[in-house]
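These notes concern the structure reproduced below.
Quick note: the coordinates plus some simple rules give every number you see, no bench work behind them. Given the structure is predicted, the values throughout are model-derived calculations rather than measurements. Ideal geometry is used to build each Cβ from the backbone, glycine not excepted, and the neighbour counts take in all protein chains shown.
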Number of protein chains: 2
Amino acid sequence: MSERKKVYQLVLMEIQRLIKEDGYVPGDKLPSERQLSIQFDAARSSVREALRAIELLGIIETRQGEGTFLRNYQTYHAVEVLASFVLQDSRTKNELQEAQKVLEQHVLSEESIPDHTLKQLEALVDDLSLTKEEKHHYFFSGLFEANGNQLLFKMWRLMQDFQANMELKVSPDYYEDIIEKYKKPQE
Amino acid sequence: MSERKKVYQLVLMEIQRLIKEDGYVPGDKLPSERQLSIQFDAARSSVREALRAIELLGIIETRQGEGTFLRNYQTYHAVEVLASFVLQDSRTKNELQEAQKVLEQHVLSEESIPDHTLKQLEALVDDLSLTKEEKHHYFFSGLFEANGNQLLFKMWRLMQDFQANMELKVSPDYYEDIIEKYKKPQE
DNA sequence: ATAGTTGATTGGTCAGACCACTTAGTGGAG
DNA sequence: CTCCACTAAGTGGTCTGACCAATCAACTAT
């Protein structure tokens, strides 16, 4: 009945608990593999399986000779891997786009945004050196930052990374229109 | 200069290539770990590190005594793992509630929902044996199911679970109002 | 004081052993 | 001949221990 978890999965949970309860923050060094294997009473190979898995997720980073470090989820290695498997699945693709759009729609629904953010966005749109994708990324990054909700931002960025491997098209006037919307009330 | 990839990462790419080029489809059985280690000229432990990583992503499934199988990626397994780290990292109650609300708002914005779903929701609201929290849960579960986006549903559920221990208050008439909104156009 | 050496620590990889589970074959009882 | 029980092989699960490679810190000789 009860699911017999594999050791590496148990270690995985232990590591999560460890990070949470001991208050590790990005950049911190985790205990060594050997230390963890003693601490969790598991073989080092099992600990490594768990570490490799969350390394692929981008949660930790390991440097030979130094150690294992908690990482700021900037780049999600997993995204590339996942994308390569899922690219065919149109349903997943649509769900992903819808989810991302939901978040974007939310930050766009803010009544107002700070002046300096507005200026940044304008500069962005006029910047000819940027590709469409880069504009989209920086544009909404700015909006999310203005919004202030880190969680939403992270969720969006995750999906953004994901879609980087898929084609994504927006209308050329898309950003200008948004900016206009925010400018009007202030003039 | 060139990045010295770890063995498990190389194996990972080999496995991707293998799956792609040999046309594996969900449900198919992959070569055994021992076979792969010979094929890729790597230790079995290295092969396992790669397999464990993509298992956590939900790409494959392993069954002891049987083998390793390619899996249907509809379950968004990776979302759970990532969420468990992301949520606990930036778990400001307010951010969480806002994010959750964004998703709920989205399913509420559907123009219409199926009749049978509507009936279910009505029955729910009238059910006196349910607590507020249970009502909220089942109510939106129904709406998300009607919406059909499994990714959104999963994200919502994760946040829902995470907030299980936090107080959450809604007005008593909250659900009735929503149902009314959807009923009107049909009468 | 500084530069170089060296040893301890840490991750990276490998080999091999043994266990747990599943499956297919094999042989005997009916 | 049929059917069931047992066996053997194959597979993932886990552990141990060894050695390599890179880093870091302490120590030493200049």
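Observations on the model:
- Label 7 Å beyond Cα on the Cβ vector: B:Ser45 copy-to-copy distances, nm: 0.7
- Size descriptor, Kirkwood hydrodynamic radius, that averages inverse alpha-carbon separations across region B:2-111, Å: 16.5 Å
- Note on region A:85-128: with charges restricted to the Cβ of Lys and Arg (+1) and Asp and Glu (-1), its dipole about the Cα centre is near 260 debye.
- In the structure shown, the pairs A:Lys101/B:Lys93; B:Lys93/B:Lys132; A:Lys93/B:Lys132; A:Lys101/B:Lys5; A:Lys20/A:Lys154; A:Lys5/B:Lys29 are assessed against 29 Å; a Cα-Cα span above that value is assigned to A:Lys93/B:Lys132; A:Lys101/B:Lys5.
- Integer Hz, Karplus 6.51/-1.76/1.60 couplings in order for region A:113-130, x for Gly and Pro: 10, x, 4, 5, 5, 4, 4, 4, 5, 4, 4, 4, 4, 7, 6, 7, 7, 9
- Measure of compaction for region A:7-70 (Cα Rg per 2.2 N^0.38 Å): 0.99
- Relative contact order (%) - region A:7-70, alpha-carbon pairs under 8 angstrom, separation at least six: 41 percent
- Summarising the overall dimensions of region A:106-160 from its C-alpha atoms, the Rg and Dmax are 11.2, 31 angstrom.
- Distances, shortest first, from the label point of B:Asp28 to those at the same position in the other copies read 4.4 nm; the point lies 7 Å along Cα to C-beta.
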